[in-house]
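Worksheet: the structure to be examined is printed underneath.
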Amino acid sequence: MYDVCVVGAGPAGSTLARLIGDRYRVLLVDRRRLDEPPADTGRVKSCGGLLAPKAQRELALQGLGLPGSVVVGPQLFAVRTLDLALGLERTYQRFYVNVDRELFDRWLVSRLPGAVDTAFGYRVSGLEVGPEDSLVRLRGERGGRGGVVARLVVGADGARSIVRRLALGDWPQPARYAAVQAAFASAAGDPFYGAIFDRSLTDFYGWTIPKGGATLVGLAVRPGAGTRAAFDAFVSRVREAGFCAGPELSRESTTVVRPRSTRELLCGVQGVALVGEAAGFVSPSSAEGISYALRSARLLASGLEAGIAGATERYRASTLPLRADIAARIAKSQAIYSTPTRQLLMRSGIGAIRRPVDSPRDVRRADALGF
């Protein structure tokens, strides 16, 4: 029997296991074989892999510094915002740390205390929540475990959280989007994070991120039969604007959530807690989730300092600033995803920095966008 079973070894789950692993008997479960070297498949995890300032701050609060092995060039100090329909572009100063997301996850796992048990290569197939403990049913690709008993089950398993669905399936769910991302060969990616709006394809946004010798191009779109066609159309329009000139190297997709109300945020109930995206803690304006994953894991760890009994209630109370932050971003999202408001903001140039047109490629891009 375990005190805590954490489902999901991403930033939220591995951080929680690290912070409580010396005080509780913890089992960390993930479908990935994180106990083996990463397979060299050429596939890239469907995540931009940018650490925003709040994520950097959280790492600092937790006494962590990134090893060079997880950092990828170039480091980014600007966001270039494009509205393809309006033909508008602005550059804003921002500060990101560019990382290899798979290696970042594995680095966090490598910092687990030796007392933490792991079940890598396993999926949750069932959950029975009891008054004092719960039974988590596991199914592995190589057989093995059948069920695990734990006093507290923590869902750190992302947007499609099976823990949330099995334990609290009737709770209001954030809107779901399919995030499709492809890597394109790029000799020298432009050193900025591109945030691209195209209302004809999505009510969310797309992005470009230089990553080593490649450029990542992604689009968050409502899932459905037209998802692939929407992404292909987006890539075509991004190419016309002068981006991702090389051939496509790989393509991945995942699900992301976008909270529309704080009522969709769920910290858990007795015997079950949720952290990170499983709880709905993700930015509705940018889909950034790593900072919320790290912060919510730390808050739950603090709630567990006084014991498992009442931990979920203490955790929920401590997340008030987190929920207020997301409420503010919901309001921000409603503003920037309103075409008239975005047009007004971009035309005003408020907060923008100048970037001179200094190369033939810049001229071609400006011409393509109608500048």
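The values are calculated or read from the model by the stated rules, or taken from the named source; none is laboratory data. Predicted model only: the values in this text are computed from it and were never measured. Because the Cβ atoms are built from the backbone with ideal geometry, glycine has one as well, and the counts that use them run over all protein chains shown.
Key figures
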| quantity | calculated |
| --- | --- |
| Some residue of the range 166-173 being outside the structural domain of D30 (by TED's automatic domain parsing) and aliphatic (A, V, I, L, M) | no |
| Enumeration of residues in the range 218-229 that are more than 22 Å from R342 (Cα to Cα) and not basic (K, R) | P223, G224, A225, G226, T227, A229 |
| Extreme residue, modelled with the lowest pLDDT, among residues of the range 22-57 that are small (G, A, S) and in a loop (DSSP other than H, G, I, E, B) | G42 |
| Options E264, E240, E248: the member that is among the acidic types (D, E) and at pLDDT 95 or above | E264 |
| Among the candidates I326, I350, residue that is within 18 Å of the chain's Cα centre (by Cα) and either part of a loop (DSSP other than H, G, I, E, B) or assigned by TED's automatic domain parsing to the domain that holds V149 (or both) | I326 |
| Qualifying residue in the range 96-109 (condition: closer than 25 Å to G21 by Cβ and in a strand (DSSP E or B)) | yes |
| Residue under evaluation T118, criteria (1) crowded, with 16+ Cβ neighbours inside 10 Å; (2) part of a loop (DSSP other than H, G, I, E, B), criterion not met | (2) |
| Which numbered condition P191 fails, given (1) over 16 Å from V99 (Cα atoms); (2) assigned to a loop (DSSP other than H, G, I, E, B) | (1) |
| Criterion: over 30 Å from V129 (Cβ atoms), in contact (Cβ under 8 Å) with a residue 40 or more places away in the chain, surrounded by fewer than 22 Cβ atoms within 10 Å (Cβ to Cβ) and out of contact with any Asp or Glu (no Cβ under 6 Å at 6 or more places or on another chain) - qualifying residue of P247, P223 | P247 |
| Pairs, first under 29 Å from Y2 (Cβ atoms) and aliphatic (A, V, I, L, M) in the range 29-53, second in a helix (DSSP H, G or I) and at pLDDT 85 or above, C-beta under 8 Å, six or more apart | L34/D105; L34/R106; L34/V109 |
| Residue in the range 248-255 that is in a helix (DSSP H, G or I) and not small (G, A, S) present | no |
| Checklist (1) surrounded by 18 or more Cβ atoms within 10 Å (Cβ to Cβ); (2) in a loop (DSSP other than H, G, I, E, B) applied to A85, failing item | (1) |
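Conditions tested, residue by residue: (1) among the charged types (D, E, K, R); (2) out of contact with any strand residue (DSSP E or B) (no Cβ under 7 Å at 6 or more places or on another chain).
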| position | (1), (2) |
| --- | --- |
| L51 | no, no |
| V72 | no, no |
| E89 | yes, no |
| A115 | no, yes |
| G121 | no, no |
| P131 | no, yes |
